[in-house]
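Here the structure comes first, spelled out in structure tokens, and everything after it is commentary.
The values are calculated or read from the model by the stated rules, or taken from the named source; none is laboratory data. Everything numeric here is computed off the predicted structure, so don't read it as measured data. Neighbour counts are summed over all protein chains in view; Cβ atoms, including those assigned to glycine, are modelled from backbone coordinates with ideal geometry.
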Amino acid sequence: MIHLSNLTRQHGAQILFQNASFQILPGSRSGLVGPNGAGKTTLFRLITGEEQPDAGEISCAKRTVVGYFSQEVGDMAGHSALAEVMSASAEIVALGEQIRQMEAAMATPMGDDAMAELLERYGDAVEQFEHRGGYDLESRAQAVLTGLGIGPEDYLRPVETFSGGWKMRIALARILTLNPDVLLLDEPTNHLDVESIVWLEEWLASEFKGALLMTSHDRDFMNRIVGRIIEVANRTIITYGGNYDFYLREREVRREQLLASHRRQQEMLAKEEEFIARFAARASHAAQVQSRVKKLEKIERIEIPAEQRLIRFEFAEPPRSGDDVVKIEGLGKSWPLPGGKVKSVFDGVSGLIRRGQKIAVVGVNGAGKSTFLKVLAGQTPPSAGSATLGANVHLGYFSQHAMDVLEPKKTVFETVQDALPQASIGVVRNLCAAFLFQGDDVDKRLDKLSGGEKSRVVLATLLARPINFLVLDEPTNHLDIQSREVLLQALQQFTGTLVLVSHDRHFLRSLVDRVIEIDHGEMRAYEGDYEYYLHKSGRDSWAA
């Protein structure tokens, strides 16, 4: 379908890939992985024609429709949500109008040759219209919007009234409704709750028949969808047959094999060089020496690709809190609405958060998870009842707005050092390295960092402090898979109490031992881990 042959692409002095090749075959499901800056987004832009390769060729089958969802949604205004979703399918709408015009033309007298030519064009148009799903375009757009959490009551709502995260959903719905032959998805699960992620998994598995190439920071999502991994790293592109977990295992096997081959080659080279040095001055061995020199010149040296070194930082033991960390009595929260009305988020909640528990707060988007965390953290007052912290509880709170309070002119090192004023330079550097800031990265100014990098800085400063009660609202947002694993390991080692909201199922499954669900203003506690919650709540398919 799409063949990329011997591609070379360079950005400035950086060579992204050289003489790299792979194919996107009909119906294939591929995950695109690689470190930040390796060239994943560049590959998407090469496939769509937004960029051109420095060398190599990209060939595409005739009439192949490519749909590309990226994190840059552009301006949205002047349409309803439904009209915006259908706008990407303007060619399908136009094709439908052409079909109607041809049908009207068939009713008028014309010569046999003209009729034959019209019928041929009509047949091609109808075939293409059916292939693109033209007959159910509007119903498909509505179904996709609903699946992504935008219900019928919001179909006709102006797009400019939606927040940035909801506009991302509309942009995703626009590409899915297009029903392309090749679907390129760059982080489609960002800004989606678990319900919408599960719906998208099912849609890709059952409804979408085309080829898929995607990046995702959601490990579970990748494992459930893809059957092939395409890795962009170290100036090359390597294909692995299997899902993400298989790729991790196979990559390690291949690296061990490469290390063994490199070791054997180094031993052979050392012997040959020793022979050359030993007999170079002897005329009787001149021919043998020359032969071995030429042999060494022809040998292709095995290179070991650089691998990011992860440093494990030993976090200080937080001070011990009392057994009762938060006592919740009759807690309620409501927000005022225009016209004097009030929206109740949750009401009449009572319970106890005990020392050492790791609790996930779950529920659909808009259920009030973030509001509940804000009340716990003292960021907003309750409308009723109380949430009282226990003895010797030191609270740390992370939200997406936490990045807004960073001082943009400071470097990563200076920001982390501010959180550990008594620590040595070595300790500060080790903490930076534990959160993937190594070498010159520690001297980057915060206003030059990406959203994910800023999140890592905030989390590093939070975990470095003597905090024994962490309240984290979507800490995995903007973090890639490697960064999520670093955070997961840090939180697994954390001996204090944790309450968090996250839509990353792998993260929750590996971490929490209790779940609180918010549903239509009520809260239900599940006294078990995330798998227990899925089973008891009837959501076993989420773990399938």
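Residues in region 514-530 that are surrounded by 15 or more Cβ atoms within 10 Å (Cβ to Cβ), closer than 23 Å to Asn477 by Cα and out of contact with any Leu (no Cβ under 6 Å at 6 or more places or on another chain): Arg514, Val515, Ile516, Glu517, Ile518, Asp529.
If you scan region 438-448, which residues turn out to be over 13 Å from Asp404 (Cβ atoms) and either among the small types (Gly, Ala, Ser) or out of contact with any Phe, Trp or Tyr (no Cβ under 6 Å at 6 or more places or on another chain) (or both)?
Going through region 438-448, the residues over 13 Å from Asp404 (Cβ atoms) turn out to be 438-445, 448.
Within region 438-448, Gln438, Gly439, Asp440, Asp441, Asp443, Lys444, Arg445, Lys448 meet the criteria.
For region 380-389, indicate whether the set of residues that are within 29 Å of Gly451 (Cα to Cα), in a loop (DSSP other than H, G, I, E, B), β-branched (Val, Ile, Thr) and at pLDDT 90 or above is non-empty.
yes
Just one of the listed residues (Ala402, Ala360) is modelled with pLDDT of 85 or more, under 30 Å from Pro35 (Cα atoms) and either in the same structural domain as Leu446 (by TED's automatic domain parsing) or not hydrophobic (A, V, I, L, M, F, W, C) (or both), and it is Ala360. It is to be established whether one or more residues within region 79-90 are over 27 Å from Ala143 (Cα atoms) and free of Cβ contacts under 8 Å to residues at least 60 places away in the same chain. No, there is no match, as no residue in region 79-90 is over 27 Å from Ala143 (Cα atoms) and free of Cβ contacts under 8 Å to residues at least 60 places away in the same chain.
Here is a check on your reading of the model: is Leu248 closer than 30 Å to Ile481 by Cβ and in a helix (DSSP H, G or I)? Yes: the conditions hold for Leu248. Determine, yes or no, whether Leu119 is surrounded by 12 or more Cβ atoms within 10 Å (Cβ to Cβ), at pLDDT below 80 and not in a loop (DSSP other than H, G, I, E, B). No. Being crowded, with 20+ Cβ neighbours inside 10 Å and more than 23 Å from Asp404 (Cβ to Cβ) is a description that applies to Leu511. If the condition is being touching a residue at least 12 places away in the same chain (Cβ under 8 Å), touching a Leu at 6+ places or on another chain (Cβ under 9 Å) and either more than 24 Å from Asp220 (Cα to Cα) or part of a helix (DSSP H, G or I) (or both), then region 134-156 contributes Gly134, Glu138, Arg140, Ala141, Gln142, Val144, Leu145, Gly147, Asp154, Tyr155, Leu156. Among the residues of region 188-218, those identified as touching a residue at least 12 places away in the same chain (Cβ under 8 Å), over 25 Å from Ala367 (Cα atoms) and in a helix (DSSP H, G or I) are Leu204, Ala205.
Output the residue which, of all residues in region 442-467 that are touching a residue at least 60 places away in the same chain (Cβ under 8 Å) and closer than 17 Å to Leu420 by Cβ, is surrounded by the fewest Cβ atoms within 10 Å (Cβ to Cβ). Taking the candidates together, the pick is Pro466.
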